[in-house]
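Data block below; observations after.
The values are calculated or read from the model by the stated rules, or taken from the named source; none is laboratory data. Remember, predicted model here, so these are calculated numbers, not experimental data. For neighbour counting, all protein chains shown are included, and Cβ atoms are generated from backbone atoms with ideal geometry for every residue, glycine included. SASA here: full protein model, heavy atoms, side chains in, ligands and nucleic acids out. Shrake-Rupley method; radii C 1.70, N 1.55, O 1.52, S 1.80 Å.
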Amino acid sequence: MNATRERRIERALFRGASLTLENPVYHRAVRALTEALLQDDLTPGDLTAKALGMKGDPASAAILAREGGVAAGLAEVASMFQGHGVGVAFEKKDGEAIRPGDTLLRVDGEQTKLLSLERVGLNLLQRMSGIATASRCLQERVQRSGASARIVGTRKTPWGLLDKRALHLGSGGTHRLSLGDAIMIKNNHLALLAGSEEEAAPLAIEKAWRFRAESAFIEVEVRGEAAARAVAKTFRRLQETATEEYPCLLMLDNMNPDEIRAIVGMLQREGLWDSTLVEASGGISEASVEAYAACGVDAISIGALTHSARALDVCQRIS
């Protein structure tokens, strides 16, 4: 991938650096999720702690990794603990590689608070670290194969922006951060504009082009070569009169590697490659990611990174 394509992909699909607790939108998302989870967990109260006579005496605990991976969610968990009067000391940083037995955080506070906050905190760490670990593993796998494709997530994110931050911490792309973030024209949009993708796609792009200043990128999803050609030709024509560089993406959805390789070749032969970034999507897994990367696409989006995330094993130990 040349520097221009790399810059456009980064601008369009890799914007997770904004997802920090200093960002008011992200901070609200974290607080809303954690407080909702705690509300569910603590209504009407911790009966076990009550039955055992646990009081507000001071205690300390360590949160440990029981398997290797990538740490994610430490800032979010620390914010939750601190918001309930528990002290936190970081032993690892978000995005850092971790090994079995590593201490991630140390917490100090009342016994009852350490017990009542434990499960929600661990759930956050397990999910976010699992997503970050899977993202980094897939990106490293593609790089080892010699391909330049970048791994990105989708909007199949049960935990919304927290899942997006976890992708970012694992070196993955965030794709859209919300519906208002970018213009992504999918098959259902096209179906409302014309009878075929090939007819509808240019119409859709023309309408969307006027709103590009409000959008991080414009992307069109297609499922065939004729529509892919129509999209790329429209992007090339519009970009020829534009004064600014702008990311235009073609999503090749639910195609096999041979079909995608043929479309990439067509774009290159017909002089359409330089004006269009190409993303492969739909049912791509760890087993098939290298085959798709070898097609020469710029990005590979994988919904399973977030909709079917495997939790990383972590635990809390009170001392």
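The table below lists the values:
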{"quantity": "The range 167-181: number of residues that are crowded, with 24+ Cβ neighbours inside 10 Å, of a type in the set (Gly, Ala, Ser) and out of contact with any Asp or Glu (no Cβ under 9 Å at 6 or more places or on another chain)", "calculated": "2"}
{"quantity": "Any hit, the range 130-148, residues being within 16 Å of residue 249 (Cα to Cα), more than 9 Å from the chain's Cα centre (by Cα) and buried (at least 24 other Cβ atoms within 10 Å of the Cβ)", "calculated": "no"}
{"quantity": "Elements of type helices (runs of 4 or more DSSP H) contained in the range 1-88, each with 1 or more residues being farther than 28 Å from residue 280 by Cα and modelled with pLDDT of 95 or more", "calculated": "24-42, 74-83"}
{"quantity": "Some residue of the range 225-248 being among the aromatic types (Phe, Trp, Tyr), within 22 Å of the chain's Cα centre (by Cα) and over 28 Å from residue 291 (Cβ atoms)", "calculated": "yes"}
{"quantity": "Output for the range 20-46, where each listed residue is open to solvent by less than 60 Å² (accessible area, probe 1.4 Å) and in contact with a Leu (Cβ under 6 Å, 6 or more places away or on another chain)", "calculated": "26, 29"}
{"quantity": "Of all residues in the range 89-122 being assigned to a strand (DSSP E or B) and open to solvent by 20 Å² or more (accessible area, probe 1.4 Å), the one that is nearest to residue 56 (Cα to Cα)", "calculated": "110"}
{"quantity": "Residue satisfying all of: in the range 184-207; under 22 Å from the mean Cα position of the chain (by Cα) and open to solvent by less than 40 Å² (accessible area, probe 1.4 Å); nearest to residue 161 (Cα to Cα) among these", "calculated": "184"}
{"quantity": "The range 49-70 - residue that is farther than 18 Å from residue 86 by Cα and in contact (Cβ under 8 Å) with a residue 12 or more places away in the chain and, of those, most open to solvent (accessible area, probe 1.4 Å)", "calculated": "66"}
{"quantity": "Residue satisfying condition, being buried (at least 16 other Cβ atoms within 10 Å of the Cβ), in contact with a strand residue (DSSP E or B) (Cβ under 7 Å, 6 or more places away or on another chain), within 23 Å of residue 266 (Cα to Cα) and not hydroxyl-bearing (Ser, Thr, Tyr), within set 221, 225", "calculated": "221"}
